[in-house]
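Peer 1: Right, I'll just put the structure down here and ask away after.
The values are calculated or read from the model by the stated rules, or taken from the named source; none is laboratory data. Here the structure is a predicted model, which means the values were calculated and not measured. All Cβ positions, glycine included, derive from the backbone under ideal geometry; neighbour counts span all protein chains shown.
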Amino acid sequence: MNRNEQLFRRAQQIIPGGVNSPVRAFGSVGGVPRFIKKAEGAFVWDENGRRYIDYVGSWGPAVVGHAHPEVVEAVREAALGGLSFGAPTEAEIVMAEVIAEILPSVERLRLVSSGTEATMSAIRLARGYTGRDKIVKFEGCYHGHSDSLLVKAGSGLLTFGNPSSAGVPSDFTQHTLVLPYNDTAALEACFAEYGAQIACVIWEPVAGNMNLVKPSAEFVRLLRGITEQNGAVLIYDEVMTGFRAALGGVQSLHGIRPDLTTMGKVIGGGMPLAAFGGKREIMECISPLGGVYQAGTLSGNPVAVAAGLKTLEIIRRAGFYENLSARTEQLVKGFKEAAGQAGVVFNADCVGGMFGLYFAAEIPQSYADMAASDTEAFKRFFHGMLDEGVAFGPSAFEACFMSAAHTPELIDETVAHARTVFNRMAV
Ligand SMILES: *Cc1c(COP(=O)(O)O)cnc(C)c1O
């Protein structure tokens with residue numbers, strides 16, 4: 001047994017499934033997860049001492065590259081001053097001010113420790129603000145693992161949420177309405193029937209948890225219009241896309257001012273930090289100003305805030321997103337050409353520093369499209385690339401992430417590996 005195998009066996013003796021977050025277990029692709037020993041720039045090294053070009057990027061946070069020296073230095077400095085106080089700090093104000101500068105829709109903001117907390121709190125806030133119970137989400141969108149959001153959908157156009165996790169009483173999800181992504185007719189029908197009872201719509205403005213799926217311009221417009229007309233809060237869950245799809249998130253690309261925005265991943269620069277914010281009138285319904293309770297022992301943690309602030313400073317430098325987007329486009333173009341030459345049915349799409357790889361002829365528009373893609377082909381591609389020394393997320397239903405540390409040469413190298421793998425898949 002090699003060290004990854006040994007560690008996986010040992011982990012399974014004490015940690016359920018051997019992992020602290022399910023997708024890490026390689027369940028949908030098979031094989032043994034790589035236990036990571038260290039990471040730097042565009043690379044991760046596993047416990048066997050093998051190096052991989054990394055397109056997981058900690059599932060999004062590592063946009064400036066792993067262990068960026070400036071971020072590490074900021075963390076070191078903050079840690080020397082104490083790890084946690086449970087009292088307010090100046091750095092939290094700076095963090096909030098910087099985020100509000102980047103995202104004009106954020107008039108007030110609160111820091112939390114995970115994306116799950118951010119979305120859970122935003123939903124509670126929307127319900128408290130509107131005095132309504134029902135929430136709308138879309139099939140294939142992931143908003144963390146709080147009870148009322150752990151609903152995918154059943155079949156049919158409009159489904160009352162059935163929990164997609166054991167341990168969630170159906171009473172808890174009876175107010176969660178699940179609609180297909182990009183389906184304007186279903187959205188209109190839903191509001192026609194329940195409009196006055198809907199507290200909020202939460203969505204991923206570019207979905208990144210069912211692989212990468214973009215909304216149509218028509219869907220974006222309808223969503224803003226219909227929520228406004230019905231007095232429902234529109235929540236852009238930009239935990240993944242914020243500071244990733246573009247500096248100002250997808251809302252800046254859509255030219256939309258959401259009522260609330262949830263953030264995470266990049267804003268912590270690899271440390272546990274997330275946030276939710278938006279309209280002052282809504283945000284001031286939170287305790288201690290209002291009746292909606294929300295709290296956290298480690299909220300606004302000084303070390304996490306230091307990592308986040310430095311990361312935001314780096315990504316605001318001139319040319320950062322132009323470069324990041326150019327690298328992503330280089331990779332997507334290279335992969336499509338290589339697959340085309342090999343005769344493998346494949347497509348790819350991207351926005352800013354995130355991209356999707358699909359073993360399908362068309363770019364998916366919904367979870368149903370994505371589910372119809374060739375997941376067996378993905379498995380072969382995934383393991384082929386891993387053998388070549390390139391790491392992607394171990395599921396066909398995940399987006400992939402570029403970093404500023406991925407040089408054009410490294411992307412050429414990645415494309416060359418993909419060519420080898422596609423050619424092998426074709427025979
Ligand atoms: C990752 C993610 C979450 C959950 O964030 P955690 O920090 O894992 O709790 C919520 N929403 C979206 C869109 C995400 O990508």
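Peer 1: Applying the selection to segment 364-399, what residues are touching a residue at least 60 places away in the same chain (Cβ under 8 Å), touching a helix residue (DSSP H, G or I) at 6+ places or on another chain (Cβ under 9 Å) and over 16 Å from Ser28 (Cα atoms)?
Peer 2: Pro364, Gly389, Val390
Peer 1: Within segment 176-190, can one find any residue that is touching a Pro at 6+ places or on another chain (Cβ under 9 Å), crowded, with 19+ Cβ neighbours inside 10 Å and touching a residue at least 60 places away in the same chain (Cβ under 8 Å)?
Peer 2: yes
Peer 1: Could you please let me know if Ala217 is farther than 30 Å from Met402 by Cβ, modelled with pLDDT of 95 or more, away from the ligand (no atom under 14 Å from the Cβ) and surrounded by fewer than 22 Cβ atoms within 10 Å (Cβ to Cβ)? I'd like the intermediate steps shown before the answer.
Peer 2: Numbers: farther than 30 Å from Met402 by Cβ: no; modelled with pLDDT of 95 or more: yes; away from the ligand (no atom under 14 Å from the Cβ): yes; surrounded by fewer than 22 Cβ atoms within 10 Å (Cβ to Cβ): yes.
Spelling it out, it is not the case that Ala217 is farther than 30 Å from Met402 by Cβ, modelled with pLDDT of 95 or more, away from the ligand (no atom under 14 Å from the Cβ) and surrounded by fewer than 22 Cβ atoms within 10 Å (Cβ to Cβ).
Peer 1: Moving on to the next point. For segment 57-89, how many residues meet the condition of being crowded, with 16+ Cβ neighbours inside 10 Å and either among the aromatic types (Phe, Trp, Tyr) or within 16 Å of the ligand (Cβ to nearest atom) (or both)?
Peer 2: Total satisfying the criteria: 7.
Peer 1: What pairs come out if I take residues in segment 254-276 that are farther than 25 Å from Ala78 by Cβ and pair them with residues that are within 11 Å of the ligand (Cβ to nearest atom) whose C-beta lies under 6 Å away, six or more apart or interchain?
Peer 2: From residues that are farther than 25 Å from Ala78 by Cβ, the pairs are Pro258/Tyr236; Leu260/Ala122; Leu260/Ile235; Thr261/Tyr236; Thr261/Glu238.
Peer 1: Take the residues in segment 366-392 that are part of a loop (DSSP other than H, G, I, E, B) and either surrounded by 21 or more Cβ atoms within 10 Å (Cβ to Cβ) or of a type in the set (Phe, Trp, Tyr) (or both), then tell me which one is modelled with the lowest pLDDT.
Peer 2: Per the criteria, the residue is Ser373.
Peer 1: Taking only segment 1-25 into account, find how many residues are of a type in the set (Gly, Ala, Ser) and under 19 Å from Trp59 (Cα atoms).
Peer 2: From segment 1-25, those of a type in the set (Gly, Ala, Ser) are 11, 17-18, 21, 25; that's our starting set.
Restricting the remaining residues to those that are under 19 Å from Trp59 (Cα atoms) gives 18, 21, 25.
Residues that pass the stated criteria total 3.
Peer 1: So, one more: Take the residues in segment 2-55 that are aliphatic (A, V, I, L, M) and surrounded by fewer than 16 Cβ atoms within 10 Å (Cβ to Cβ), then tell me which one is farthest from Thr375 (Cα to Cα).
Peer 2: The first filter runs over segment 2-55 and keeps only residues aliphatic (A, V, I, L, M), leaving 7, 11, 14-15, 19, 23, 25, 29, 32, 36, 39, 42, 44, 53.
Narrowing the set further to residues that are surrounded by fewer than 16 Cβ atoms within 10 Å (Cβ to Cβ) leaves 14-15.
Details: Ile14: 31, Ile15: 28 Å.
If we take residues in segment 2-55 being aliphatic (A, V, I, L, M) and surrounded by fewer than 16 Cβ atoms within 10 Å (Cβ to Cβ), then Ile14 is farthest from Thr375 (Cα to Cα).
Peer 1: Here is a list of conditions, (1) over 28 Å from Tyr321 (Cβ atoms); (2) free of Cβ contacts under 8 Å to residues at least 40 places away in the same chain; (3) within 16 Å of the ligand (Cβ to nearest atom), and Leu234 meets all of them except one; can you say which number that is?
Peer 2: For Leu234, the exception is condition (1).
Peer 1: Identify the residue in segment 247-276 that is farther than 26 Å from Ala318 by Cβ and either among the hydrophobic types (A, V, I, L, M, F, W, C) or away from the ligand (no atom under 11 Å from the Cβ) (or both) and, among all such residues, is farthest from the chain's Cα centre (by Cα).
Peer 2: That would be Asp259.
Peer 1: A further question follows. Under 8 Å between Cβ atoms, which residue pairs at least 6 apart in sequence (or on different chains) link something in segment 313-331 that is on the phi > 0 side of the Ramachandran plot with a partner that is surrounded by 16 or more Cβ atoms within 10 Å (Cβ to Cβ)?
Peer 2: From segment 313-331, no pairs qualify.
Peer 1: Could you pull out every one of the helices (runs of 4 or more DSSP H) wholly within segment 1-105 that has 3 or more residues that are under 30 Å from Glu413 (Cα atoms)?
Peer 2: The qualifying helices (runs of 4 or more DSSP H) are 3-12, 69-80.
Peer 1: Then there's this: If you scan segment 119-152, which residues turn out to be out of contact with any strand residue (DSSP E or B) (no Cβ under 7 Å at 6 or more places or on another chain) and hydroxyl-bearing (Ser, Thr, Tyr)?
Peer 2: Selection gives Tyr142, Ser146.
Here's the yes/no breakdown for (1) within 15 Å of the ligand (Cβ to nearest atom); (2) more than 18 Å from the chain's Cα centre (by Cα); (3) modelled with pLDDT under 95:
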{"site": "Ala91", "(1), (2), (3)": "no, yes, no"}
{"site": "Met95", "(1), (2), (3)": "no, yes, no"}
{"site": "Ile99", "(1), (2), (3)": "no, no, no"}
{"site": "Arg108", "(1), (2), (3)": "no, yes, no"}
{"site": "Thr116", "(1), (2), (3)": "yes, no, no"}
{"site": "Gly131", "(1), (2), (3)": "no, yes, no"}
{"site": "Ile135", "(1), (2), (3)": "yes, yes, no"}
{"site": "Ser146", "(1), (2), (3)": "yes, no, yes"}
{"site": "Leu150", "(1), (2), (3)": "yes, no, yes"}
